Structures are given as C-alpha cells and as structure tokens.
Amino acid sequence: MDKTAKLTDQFGSKKMSNMEGLQHKLLKTEMEMVEFRQRYIQEKSRRMTLHNTLVEMRGNIRVHCRLRPLISRLDSPGDEESLGMAGTPSERVVDLQDEDKLIVRPAKPVGGQMQKKEFEFERVYGPDTDQKSLFDDVKPLLTSLLDGYNVCIMAYGQTGSGKTHTMMGSHDLDMEIDSESLNKDEGIIPRSAKEMFKLISERENPEESFSLEMSVCEIYNNEVRDLLAGKSASRLDIVTSSEGATEIPSLVTRPVRTVQEVMAVVYYGMQRRHEDATMVHAHSSRSHLIVQLTIYTVTQTKPSTSSSSSDAAPSPPGTPTRSRRTLPQPSAGNNSRSQSPAPKSKAASARRSRSPAPGTAAAARSRSPSPTRNNNSSANGSQTQSVKTKLQLVDLAGSECVGMSGVTGAALRETSHINKSLSALADVLGALSEHRSHIPYRNTRLTHMLQDTIGGDAKLLVMLCCSPAQRFITETLQCLGFGSRARQVARGQAKKRRPTSFVPNSLSIDTGNLGSSSLRGNGNLSPRILDLRGGGRRKSNFNFE
C-alpha cells in the first residue's frame, strides 16, 4: 500500500512537471506568435506604404474592389431558401484571400475553361465591410485635393453590384431613414463632403480662404445632360480649351457653403437621373452620373522685397518664365485666356470674375502647358492668388447582359450605349497601358469628358463592385479584368495645380461657421429632400429652376 502510494506520488509529480513544462512551452510559443504577428503587421504596413509611394510616383490608377453580400432577389430570385447553396446559381464563387487579393473559383466552366483565378488590387473589401471602413482608405485622397491636386473617384461594375450604394449609401427618396442609420450607411459622396469641409475648417487662417461650387450631370445615351438645369436641360457639348483641357462651358454650377447644401444639390440631381427597372435590378441606373466639386483656395501673401512675382513663387526648372503683369502680353504662342491683360474697369473686372477660371480643367496627357502665374495686388501691396482643384465623383452605369436583363425597345438602346461607353473606357486604358501614340478619348462622351482625369492629370481611384454569386460570374470576371488592366496604366506623377490670378468673389465660405452640425450629418442629410419635391418641411437655400 505504501509502495503504491509512493509510486502514485512519483507519477503525479512527474506528470505535474511535464504539464508545467508543456505550459511553459505553450506560453513561449504564444508569445512568439504574438511577436511574429506584430512583425507581420509592421512589414505589411511598410509594404503598403512603399507600394502607395510607387503608385504615386508612377501615376498608376488605384484600384479597390468591393464584394457585395449575396442578395436573394438578385442572386436567387424566386428561390430564397437555396441562397448560397452549392450547385445553385447563387453559390458563392468569389472570396477574399487577403486584404489585397481575392480568388475566383467558378462552379461551372467559363469560356471552355474551369480554373481558379487570383486577382490583386490595392485593397479588397468583403461583404461585411461597412461604409466607414471603406471610406477610411479613400480619405487621404481628399487631403491631396486641398494640397493642389485634382482627384477622381469612380465606381465601376455590373448592374446591381452596389455601385450607387457605395457612392451614395441608402438613396431611395421614398424611404424613411433616421439619422443614426443614415450616418452609418452614408456612401463616399456624403462622407467626402463632410471630410472636405472638415479639412477646410482645420486649415482656416487669415491668409487663406476657400470657395466651393459644384455641378451634377449625367451621360445618357451618349449625350451630356445637365441635372441642375431644370426643365431647360438640353444637349451639352464638350469642348477642348486652348490649354488642351476638356470643358463644358454651359454646365450649370452652384455655389455651396455647407455639407447640407452639397447634398441638397446632389439629391436634386439624382431625382432627375434616368433610372428604369430590369429583370436584374428594380432601380437600374441608365446613365453615368458625374458629381463635380470645384475648390478655389485663395491665398494672400505679404509684399515681397523682390520686384518680380516669379521671385515670390519660382517656377520649376524647365518651366517657361512669364512676363510681369504690368508689361505687354506676348501675342504669339499659347492662346490661353489667362494671358489676356488685366481688366481696366470695374465692369470688366466683374465680367472677369464671372468667367471660368484659367485652367478650369486639367491639361490633356498629350500637352500640359504651365498655367499663368499672375497675381492680383491689393492697395496695401499684398498679392492674391488662387489655386483651382476639382473632385470628380463618378457613379458609372452598370454593364448588362441583354439576355439576362430582358430589356427591349428604349431600354435596349440605353443598354447598348452603356456597354459601348464602358467598352470605350476599357479601350482607353488599354491604349494608355500600351503607350500607343493615339488614345481614343473621343470615341464616346464619357471618355472625352474624363480625358484629362484618365490621362494623368488627377489622382484616380477606381472602385470595382462585384457580385460573389455564380449567376454573374461572367460579368464579375470582366469587371476584375478591367481593374487589372487599369492597374497597369502608368501615367506619370499627378500634376499639382499652380496659382492663377482668378479670384472668385461670390462663393466665399466662412470657415468660422463650419461647426459640428455641418460635419455630423445630423438628419439634414436625409435623402428625403422634401422641399425639393414640393412639400417639404425644410426650406432650401437654392432656386434650382
């Protein structure tokens, strides 16, 4: 008995010792895993930083991809119970592999082949990613906007893939949405408006002021329509300025001073956007929507001891120098409007303030002359300059398979124009990536209007929106292929806007009044802009008609 107890004690002590040893090893292994995980996160962040720097230097188009969740009415119409099941059209065949990779495993052969494919982009978002997390990766581009760079954010994908939801959030004008859910569900456009005014308020100083104006238009059946022109909306022409930039001279612009005013203009335009029901989507957008915000950053500089304005703001090496404003302007060479002499009367000055700013759009890729650097001098000798930048927010119409959407008649014509313009956009990117001598910008109104943006004069981000379902695998592969081609375009470093003499005098923003209510979206951003529909409770500051 004593021997048995002794053996039991020895065995228990040995077992306890072994357990303590295993616990020690387990603890050590866990600590090593934590250390390795931290190093992995640090290296991944460093890699992402280096990659973004390389993208910035090469001028590559940033491409992000967002997978929407499975939706029964889209992916499994008439059979909600089988949603996501293997062997059904709604089977999930697209999944995230990492934060920058996704993998496609077609359940059925596509084009005679049945093999998995991997795609890599700057960022990939899963179905559970919320609007805030997505916008956090877009936000740095808005800082570049106030630093003097043009910015364009474009949503691309098939119909019903979530493009308008990504750009706008919940946008059903007949839907009651409380402030809390709306704040959570806001898309890139309202969040960009908030962030922009927030950045403006942070940069407030006596020597720098900001002015904003905006326009909203659509490209419908390959024609540009002004969505702010009311009943007088008519066909608009795209022209090329003397600086090689694309412009729409007759496009209506509205001054905006708060986030609420921006969103009132956006929703007013969206009510007039062409939409129609198809077999795929009940509210299918039938046009490309382009929301453009133009920012004037007006600075006043103290008098310089130098007699030449070029001394106060030297031009980069290799940039042609310009004569002082008091000297006669050269008659030959560039015919830019910005070379015209200074106004000699108050009436002429007023007319000049209402005219478009010199260099209103970016120069084309094929030619990008330097804007003028003339200054306006006040009575006390201070000089006033303005830098004009633009933010383009583009919600492209979705590509469609005619057999699946079931459209006929006028809707079939709309689909034809949509697919043709998206195909032309892919052709332009292909020509840029192959460095062809001729870039087919003018094949469609869409590519012509976005010529300077695509051609390298703006920081461009393309947000791919895809369905994970087998039913739309062909359209999904086409969308991902478009994004892969876009990433190959090296356009050169984006051009920073330089100061001009144009100073807006009717769009001033009082940054001191940009309080928290202008930035929170406290219910005033509700899509139910009832005053614009003829019976609202709130009064609009805009006279749209």
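Side notes on the structure shown:
Let's see how each residue does on (1) within 30 Å of LYS116 (Cα to Cα); (2) of a type in the set (Ser, Thr, Tyr); (3) in the same structural domain as GLU80 (by the TED database):
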{"residue": "GLU414", "(1), (2), (3)": "no, no, yes"}
{"residue": "GLY430", "(1), (2), (3)": "yes, no, yes"}
{"residue": "ARG436", "(1), (2), (3)": "no, no, yes"}
{"residue": "TYR441", "(1), (2), (3)": "no, yes, yes"}
{"residue": "THR447", "(1), (2), (3)": "no, yes, yes"}
{"residue": "LEU460", "(1), (2), (3)": "yes, no, yes"}
{"residue": "LEU480", "(1), (2), (3)": "yes, no, yes"}
{"residue": "SER484", "(1), (2), (3)": "yes, yes, yes"}
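- Whenever a residue of the range 134-152 is at positive phi, its partners that are at pLDDT below 85 and surrounded by fewer than 19 Cβ atoms within 10 Å (Cβ to Cβ), lying with C-beta atoms within less than 6 angstrom and at least six residues away or across chains, give the pairs GLY148/LYS496.
- Only one of GLY78, GLY148, GLY157 that is assigned by the TED database to the domain that holds VAL462 and buried (at least 19 other Cβ atoms within 10 Å of the Cβ): GLY157
- Test: SER484 is hydroxyl-bearing (Ser, Thr, Tyr) and at pLDDT below 70: no
- Which numbered condition ASP98 misses (of (1) surrounded by 15 or more Cβ atoms within 10 Å (Cβ to Cβ); (2) at pLDDT 75 or above; (3) touching an Asp or Glu at 6+ places or on another chain (Cβ under 9 Å)): (1)
- Among residues of the range 451-481, those that are assigned to a helix (DSSP H, G or I) and in contact (Cβ under 8 Å) with a residue 24 or more places away in the chain, counted: 18
- Restricted to strands (runs of 3 or more DSSP E) entirely inside the range 129-243, those with at least 2 residues that are of a type in the set (D, E, K, R), within 24 Å of LYS390 (Cα to Cα) and at pLDDT 90 or above are 208-220, 223-226.
- Only one of the numbered conditions (1) in contact with a Ser or Thr (Cβ under 9 Å, 6 or more places away or on another chain); (2) exposed (fewer than 14 other Cβ atoms within 10 Å of the Cβ); (3) in contact (Cβ under 8 Å) with a residue 60 or more places away in the chain is not met by VAL239, and that is (3).
- Check on ALA431, surrounded by fewer than 20 Cβ atoms within 10 Å (Cβ to Cβ), modelled with pLDDT of 90 or more and among the hydrophobic types (A, V, I, L, M, F, W, C): yes
- Of the criteria (1) within 19 Å of the chain's Cα centre (by Cα); (2) at pLDDT below 75, which one HIS51 fails: (1)
- Scanning the range 413-424 for residues that are touching a residue at least 60 places away in the same chain (Cβ under 8 Å), in contact with an Asp or Glu (Cβ under 9 Å, 6 or more places away or on another chain) and of a type in the set (Lys, Arg) turns up nothing.
- Subset tally (residues that are in contact with a helix residue (DSSP H, G or I) (Cβ under 8 Å, 6 or more places away or on another chain) and either of a type in the set (Asp, Glu) or surrounded by fewer than 16 Cβ atoms within 10 Å (Cβ to Cβ) (or both)) for the range 203-217: 2
- Annotation: of all residues in the range 85-95 being in a loop (DSSP other than H, G, I, E, B) and touching a helix residue (DSSP H, G or I) at 6+ places or on another chain (Cβ under 8 Å), the one that is surrounded by the fewest Cβ atoms within 10 Å (Cβ to Cβ) is THR88.
The values are calculated or read from the model by the stated rules, or taken from the named source; none is laboratory data. If you're wondering where the values come from, they're calculated on a predicted model, not measured in any experiment. FYI the Cβ positions are ideal-geometry reconstructions off the backbone, even for glycines, and counts take in every protein chain you see.
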